[in-house]
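This report concerns only the one structure given below.
The values are calculated or read from the model by the stated rules, or taken from the named source; none is laboratory data. Owing to the predicted nature of the structure, the values given are computational and were not obtained by experimental measurement. Because the Cβ atoms are built from the backbone with ideal geometry, glycine has one as well, and the counts that use them run over all protein chains shown. Side chains included, ligands, DNA and RNA excluded: accessible areas come from the protein's heavy atoms. Shrake-Rupley method; radii C 1.70, N 1.55, O 1.52, S 1.80 Å.
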Amino acid sequence: MVSSKTMKISGRKWVGTGCMAMMLFLSACGSNNTADTANSGSAATTAPSAAATTAPSEPRTVTDSMGHKVTVPANPQRVLGSYLEDQLVTLGVTPVAQWSVANGIQDYLSAELKDVPTISYDLPLEAVTSFAPDFIIVGSESSVQNGLYDQLNKVAPTYVLGDEINKNWRKGLTTIGELLGKSAEAEQAIKDYDQKAAEAKGKLTGAVGSQSAAVLWLRQKNLFMVDESQASGSVLYTDLGMTPPNLVTEIPADQKAAWNPVSLEKLSELTADHIFLVNSDKAEGSEILNSAIWKGIPAVKAGHVYELSSTGSWLYSGANANGKTIDDVLKLLVK
C-alpha cells in the first residue's frame with residue numbers, strides 16, 4: 001500500500017478543487033433530534049415527531065436546522081423538495097416540480113417523475129411561485145442564503161433539513177417522513193434497503209472476497225473519486241463491505257469533498273482491483289483513458305473496469321439511487 005504521503009495536498013487546494021468538482025457536478029447531472037408533536041399548531045418543537053405514521057389532522061409547528069419556526073400543513077398536497085426527489089418518491093409523494101440543471105435532470109428517477117415539470121436547481125422565486133407549493137423542503141443551509149429563505153417562506157412554509165441531516169440519506173428520509181406524516185413508510189423503506197444490501201453483501205463477498213474497488217467520475221478531462229461517505233462510495237464501502245482503494249483511505253478527513261479530484265500523478269498510484277467508471281466525457285476524456293498511466297493501473301490491466309452511464313444512479317444518494325447501484329454491482333461482479 002502506498003504511504004499517506006501520496007495524497008498530501010494543501011487544504012486550500014482541496015477546497016478549491018472541491019468547489020470545482022461541485023460546479024462540474026451541477027453542470028453534468030442531467031445528494032436528528034426528535035420531539036413530541038404539539039397538539040396545537042401554535043406550539044413549537046425542535047423537530048417533527050418520530051411517532052407519526054399518518055398525516056397529522058392539524059398543522060403543527062417545528063423548528064428546522066436554521067432555527068426557523070415552521071408551521072407544517074396538516075396534509076401537504078403540493079410539496080416542493082428540489083434535489084430531495086429520491087426521498088419523496090420513496091415515501092410515495094410526487095413533488096410539484098423536479099430538480100434540474102442546464103444539462104438535464106436526475107435521469108434515474110425518470111420513470112417515477114415522468115410527468116413532473118422541472119425547476120432550476122437554484123430555485124428562482126418566480127418559478128417556485130408558479131408551482132404554488134403548500135410546503136417547501138430544502139436540503140442545505142447554503143441553498144437559502146442572501147434572503148432566499150425569507151422569499152421562499154412567503155410562498156409556502158419552508159423547512160431546511162441542514163447539511164448534517166441531508167448528507168445522510170437515512171436521516172434525511174426519516175426527517176422528511178416525520179414532516180409529512182409518513183414515518184412508517186420511511187422506516188419500512190430503510191428496512192427494505194438494509195435487507196437488500198445485506199443480501200447483496202453476502203453474494204459480493206463470495207464473489208470477490210476482500211478485493212478493492214474505486215468509483216471514478218470522468219468529466220471535462222478531469223477525474224474525481226468518491227469517498228466512503230458519499231453516493232455510490234457509501235454503498236460500496238459501507239453497505240456492501242468492499243475494500244476502499246489506497247487513494248480513498250489516504251485522503252485526510254478534513255479535506256474530503258463529495259467528489260475528490262484525482263490528478264494523473266495520483267492516478268498512477270491507484271491500486272484498486274476494480275474500477276467503476278462513470279463516464280460523462282466520451283470525447284475529450286478519451287485522452288485520459290488512452291494514456292499509459294491509465295493503462296498501467298492494476299484494475300485496467302486485469303480488464304476490471306466497468307463503464308457506467310452518467311445518467312445512472314452512481315452520482316446520487318437515496319434509497320432508490322443506492323438500490324439501483326447495488327443492482328449494477330451485482331450484475332457486474334457476481335457471475
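Quick check on my filter: what residues within segment 219-233 are surrounded by fewer than 22 Cβ atoms within 10 Å (Cβ to Cβ) and in contact with a strand residue (DSSP E or B) (Cβ under 8 Å, 6 or more places away or on another chain)?
Those that are surrounded by fewer than 22 Cβ atoms within 10 Å (Cβ to Cβ) and in contact with a strand residue (DSSP E or B) (Cβ under 8 Å, 6 or more places away or on another chain): 222, 227, 230.
If you take the residues in segment 265-318 that are of a type in the set (S, T, N, Q) and outside any loop (DSSP other than H, G, I, E, B), which one is surrounded by the most Cβ atoms within 10 Å (Cβ to Cβ)?
Per the criteria, the residue is 279.
Output the residues belonging to segment 234-265 that are of a type in the set (Phe, Trp, Tyr) and either closer than 23 Å to residue 293 by Cα or in contact with a strand residue (DSSP E or B) (Cβ under 6 Å, 6 or more places away or on another chain) (or both).
In the first step, residues of segment 234-265 are kept if they are of a type in the set (Phe, Trp, Tyr); the result is 237, 259.
Answer for segment 234-265, where residues must be of a type in the set (Phe, Trp, Tyr) and either closer than 23 Å to residue 293 by Cα or in contact with a strand residue (DSSP E or B) (Cβ under 6 Å, 6 or more places away or on another chain) (or both): just 259.
Condition test on residue 202, is it part of a helix (DSSP H, G or I), open to solvent by 10 Å² or more (accessible area, probe 1.4 Å), out of contact with any strand residue (DSSP E or B) (no Cβ under 7 Å at 6 or more places or on another chain) and farther than 20 Å from residue 313 by Cα?
Working: part of a helix (DSSP H, G or I): yes; open to solvent by 10 Å² or more (accessible area, probe 1.4 Å): yes; out of contact with any strand residue (DSSP E or B) (no Cβ under 7 Å at 6 or more places or on another chain): yes; farther than 20 Å from residue 313 by Cα: yes.
Taking the combined requirement at face value, the residue satisfies it.
Search segment 252-264 for residues that are among the aromatic types (Phe, Trp, Tyr) and pair each with any residue that is crowded, with 18+ Cβ neighbours inside 10 Å and part of a helix (DSSP H, G or I) when their beta-carbon atoms are under 7 Å apart and the residues are at least 6 apart or on different chains.
259/21; 259/25
Hey, could you check segment 93-119 for residues that are part of a loop (DSSP other than H, G, I, E, B), of a type in the set (Gly, Ala, Ser) and over 18 Å from residue 322 (Cβ atoms) and say which is least open to solvent (accessible area, probe 1.4 Å)? Spell out how you get there, then give the answer.
Looking only at segment 93-119, we keep the residues that are part of a loop (DSSP other than H, G, I, E, B), and these are 93-97, 102-103, 106, 110-117.
From what's left, of a type in the set (Gly, Ala, Ser): 97, 102, 110-111.
Next, only the ones that are over 18 Å from residue 322 (Cβ atoms) stay: 97, 102.
On the way: 97: 0, 102: 106 Å².
Among those residues, the one meeting the criterion is 97.
Each row is one residue, and each column tells you yes or no for (1) over 21 Å from the mean Cα position of the chain (by Cα); (2) charged (D, E, K, R); (3) modelled with pLDDT under 95.
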position: 282; (1), (2), (3): yes, yes, yes
position: 291; (1), (2), (3): yes, no, yes
position: 309; (1), (2), (3): no, no, yes
position: 327; (1), (2), (3): no, yes, no
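Test residue 129 against the stated conditions and say whether it is among the hydroxyl-bearing types (Ser, Thr, Tyr), outside any loop (DSSP other than H, G, I, E, B), closer than 16 Å to residue 186 by Cβ and out of contact with any Gly (no Cβ under 7 Å at 6 or more places or on another chain).
Working: among the hydroxyl-bearing types (Ser, Thr, Tyr): yes; outside any loop (DSSP other than H, G, I, E, B): yes; closer than 16 Å to residue 186 by Cβ: no; out of contact with any Gly (no Cβ under 7 Å at 6 or more places or on another chain): yes.
So residue 129 fails the test.
Looking at (1) of a type in the set (A, V, I, L, M); (2) modelled with pLDDT under 95; (3) open to solvent by 30 Å² or more (accessible area, probe 1.4 Å); (4) outside any loop (DSSP other than H, G, I, E, B), which is the only condition residue 248 fails?
Tallying (1) of a type in the set (A, V, I, L, M); (2) modelled with pLDDT under 95; (3) open to solvent by 30 Å² or more (accessible area, probe 1.4 Å); (4) outside any loop (DSSP other than H, G, I, E, B), residue 248 fails exactly one: (3).
Answer yes or no as to whether residue 160 is within 24 Å of residue 322 (Cα to Cα) and open to solvent by less than 50 Å² (accessible area, probe 1.4 Å).
The answer is yes for residue 160.
So which residues in segment 214-241 are part of a helix (DSSP H, G or I) and of a type outside the set (Phe, Trp, Tyr), if there are any at all?
Correct list: 231, 232, 233, 234, 235, 236, 238, 239.
Residues are listed down the side, and each one gets a yes or a no for (1) out of contact with any Gly (no Cβ under 7 Å at 6 or more places or on another chain); (2) at pLDDT below 95; (3) of a type in the set (D, E, K, R):
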position	(1), (2), (3)
44	yes, yes, no
48	yes, yes, no
51	yes, yes, no
54	no, yes, no
65	no, no, no
70	yes, no, no
80	yes, no, no
85	yes, no, yes
89	yes, no, no
